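The values are calculated or read from the model by the stated rules, or taken from the named source; none is laboratory data. On a predicted model such as this, the values are computed, not experimentally measured, just so you know. For neighbour counting, all protein chains shown are included, and Cβ atoms are generated from backbone atoms with ideal geometry for every residue, glycine included.
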Amino acid sequence: MTKGVVLVVDDEVQIRDILGFYLKRAGYQVLLAENGRQALEVMVKVQPDLILSDLRMPELAGDEFCRIVKGKPETRDIYFVLVSAMDGSSSKIGGLNLGADDMITKPFHAQEVMAKVESAFRIIAMQNEIKRQNLELTRFQDRMTAELSLAARLQMGLLPSIPGQAAGIRYTHRYLPAEGIGGDIYSILPALDGGAAVLIADVSGHGVTAALVSAMVKTFFEAQVRLGGGPLAWAHAMNRDLTRSTLSEQFATAFLAHLDPATATLHYVVAGHDAPLYIAQGARGGLRRPGLLPGKGFMLGIDENLPFTEQSCPFELGDRMILFTDGLVEVEREDRTLLGHDGLLRVCSELPQDAERAADHIVETVRQFNDPMAFEDDVTLVVMDRT
Amino acid sequence: MLNIQTRQEGNSSVVTIQGKVNFEVTAQLRDVIRDTVTTHLPKLLVINLEGVNFIDSSGLGLLVAARNSVDKNNGKLHLCGLPPQVKKTFDQTNLTNYFSIFATEQDALRGA
């Protein structure tokens, strides 16, 4: 096992012999060439770890040879030591500017050259270690990226398919996670009593952890809906479940609602979430007067003994509701202003009748308002029409 | 940028926060609060939010966790100096009724 491969390039046979002798004795494999051109031919067959090259040589001089070696991706990592006479025209700085890794001036002692070679190989070993670690990191990153994109696809699968319909509600959504994967979730499903159950929630934080908790929130919600009851009971149970099963800083803001189509009434609980916009007869399009549903309450998951309150509002045929997470309205622009609820009310005062076009209109208008910054948090928007 | 300062006032610790409290800075803030609580075991922890212009849900989460950890040591957490924007967030999430909130640091320290 050799300590490495050294290519000695010099037109003087004595120098090749002396360097070759010392290098072999020290345990290196030695390749010899008389000039740059010959050296390039040798390198086609065997790639050296280190090149010791004279500067002045016929056919292809050391500076040009160095430029060629350092110019090719496959050879540029070879450690290049330029050997030259100290005569001003070939200053050390000049040589290093050519891309050489080090310089030796003639005349030299063989021991000096050997010391340089030994230190060069220490550097080569370090470089190889860094390259190896880099490769490992790149592979790790690729794996993580692949896993994340798989998780993001799975999360998309947790959202209702759109356009959707449940007991007197027609809905669609726009979902824009900040990091490919996010902490927003919503769910609309038929309730046991023939009504519709609605949830939109935003888990604190971003990324994988928030996404995992958001999946739990959805599961807790749907389990509660299948047990019957209404938003108040759901909120208390979900708060308890979330408090017990998450870490101390993980919470969810949520809006939970139940629609009774017979009485055209929506019962709801606001749990720290932005209350939805209510647009009377909004599903018919045109100029309307939207308002924010009143209500406030604790986030889910803080303390299992906290109380929640239920409220109700009419939700008649032709009415529209806009559910959203705060990422939609809380982007700070360069002038430090936010769209806020007032801004969103303005945006929603005239929407297309078609829910898909209405959703696109809201996202596009808000995006333009925030320009050049689009959204920095997860954004979920649900347009829900009473039909 | 977030600026955090801590000081002791007798048995009380005061943490003063300035800037935007969001997901990116909660780790830094969490360390400071934890160090303060474990080092000084304060009877009263005052968090002054006067210079905070924005707080998101992770920031709120951190404050709730701070209250829980102070509770465990039989201490109290008082918040003070909530700017209007932050006050709005607290109102919306009902946290105004969860925390003891004071107008000024003096009030918070007196517990009045």
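Does A:ALA237 meet the test of being buried (at least 24 other Cβ atoms within 10 Å of the Cβ), more than 21 Å from B:ALA65 (Cβ to Cβ), more than 14 Å from chain B (Cβ to nearest Cβ) and not β-branched (Val, Ile, Thr)? No, not satisfied. Of the helices (runs of 4 or more DSSP H) lying entirely inside the range A:1-88, those containing at least 2 residues that are closer than 21 Å to A:GLY99 by Cα are A:36-45, A:62-71. The condition of being surrounded by fewer than 21 Cβ atoms within 10 Å (Cβ to Cβ), among the hydrophobic types (A, V, I, L, M, F, W, C) and modelled with pLDDT under 90 holds for only one of A:LEU345, A:LEU339, that being A:LEU339. Tallying residues that are within 14 Å of chain A (Cβ to nearest Cβ) and closer than 17 Å to A:GLU249 by Cβ within the range B:29-55 yields 7.
If you go through the range A:350-370 and keep only what is closer than 15 Å to A:GLY282 by Cα and either of a type in the set (D, E, K, R) or surrounded by fewer than 15 Cβ atoms within 10 Å (Cβ to Cβ) (or both), you end up with A:GLU350, A:PRO352, A:GLN353, A:ASP354, A:GLU356, A:ARG357.
The rows are residues; the columns are (1) in contact with a Lys or Arg (Cβ under 7 Å, 6 or more places away or on another chain); (2) in contact (Cβ under 8 Å) with a residue 60 or more places away in the chain; (3) within 14 Å of chain B (Cβ to nearest Cβ).
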site: A:LEU247; (1), (2), (3): no, no, yes
site: A:GLN250; (1), (2), (3): no, no, yes
site: A:ALA254; (1), (2), (3): no, no, yes
site: A:HIS267; (1), (2), (3): no, no, no
site: A:ASP274; (1), (2), (3): no, yes, yes
site: A:TYR278; (1), (2), (3): no, no, no
site: A:GLY291; (1), (2), (3): no, no, no
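Somewhere in the range A:247-255, is a residue at pLDDT below 90, over 34 Å from the mean Cα position of the chain (by Cα) and of a type outside the set (D, E, K, R)? The answer is no, given that none of the residues of the range A:247-255 is at pLDDT below 90, over 34 Å from the mean Cα position of the chain (by Cα) and of a type outside the set (D, E, K, R). Could you please let me know if B:GLY61 is over 24 Å from A:LYS296 (Cβ atoms) and not in a loop (DSSP other than H, G, I, E, B)? Against the criterion (over 24 Å from A:LYS296 (Cβ atoms) and not in a loop (DSSP other than H, G, I, E, B)), B:GLY61 does not qualify.
Given the criteria modelled with pLDDT of 90 or more and either within 14 Å of chain B (Cβ to nearest Cβ) or under 18 Å from A:GLY327 (Cβ atoms) (or both), does A:TYR186 qualify? Lay out the reasoning, then the answer.
Numbers: modelled with pLDDT of 90 or more: yes; either within 14 Å of chain B (Cβ to nearest Cβ) or under 18 Å from A:GLY327 (Cβ atoms) (or both): yes.
The answer is yes for A:TYR186.
Taking the range A:344-354 as the range and being touching a residue at least 24 places away in the same chain (Cβ under 8 Å) and farther than 17 Å from A:VAL379 by Cβ as the test, the residues that pass are A:LEU345, A:SER349, A:GLU350, A:LEU351, A:PRO352, A:GLN353, A:ASP354.
What strands (runs of 3 or more DSSP E), lying completely within the range A:271-387, carry at least 2 residues that are within 25 Å of the chain's Cα centre (by Cα) and under 22 Å from A:LEU259 (Cα atoms)?
Numbers: elements: A:277-279, A:311-314, A:320-324, A:379-386.
Fully inside the range A:271-387 and qualifying: A:379-386.
When B:VAL46, B:VAL37 are checked against the criterion of being aliphatic (A, V, I, L, M) and either under 30 Å from A:LEU338 (Cβ atoms) or in a strand (DSSP E or B) (or both), a single residue qualifies: B:VAL46. Put simply, of B:GLY111, B:GLY81 the only residue that is in contact with a helix residue (DSSP H, G or I) (Cβ under 9 Å, 6 or more places away or on another chain) and on the phi > 0 side of the Ramachandran plot is B:GLY81. Out of the residues in the range A:299-327 that are more than 13 Å from chain B (Cβ to nearest Cβ) and touching a helix residue (DSSP H, G or I) at 6+ places or on another chain (Cβ under 6 Å), state the one that is surrounded by the fewest Cβ atoms within 10 Å (Cβ to Cβ). Looking at the filtered set, the residue picked out is A:GLY318. Any residue at all in the range A:323-343 that's touching a Lys or Arg at 6+ places or on another chain (Cβ under 7 Å), free of Cβ contacts under 8 Å to residues at least 40 places away in the same chain, under 22 Å from A:MET384 (Cα atoms) and not aliphatic (A, V, I, L, M)? No, because not a single residue in the range A:323-343 is touching a Lys or Arg at 6+ places or on another chain (Cβ under 7 Å), free of Cβ contacts under 8 Å to residues at least 40 places away in the same chain, under 22 Å from A:MET384 (Cα atoms) and not aliphatic (A, V, I, L, M).
Name every residue in the range B:67-112 that is within 14 Å of chain A (Cβ to nearest Cβ), hydrophobic (A, V, I, L, M, F, W, C) and touching a strand residue (DSSP E or B) at 6+ places or on another chain (Cβ under 6 Å), in order of residue number.
Keep residues of the range B:67-112 that are within 14 Å of chain A (Cβ to nearest Cβ), which gives B:67-72, B:77, B:83-99.
Pick out the ones that are also hydrophobic (A, V, I, L, M, F, W, C) and you get B:70, B:77, B:86, B:90, B:95, B:99.
Selection gives B:VAL70, B:LEU77, B:VAL86, B:PHE99.
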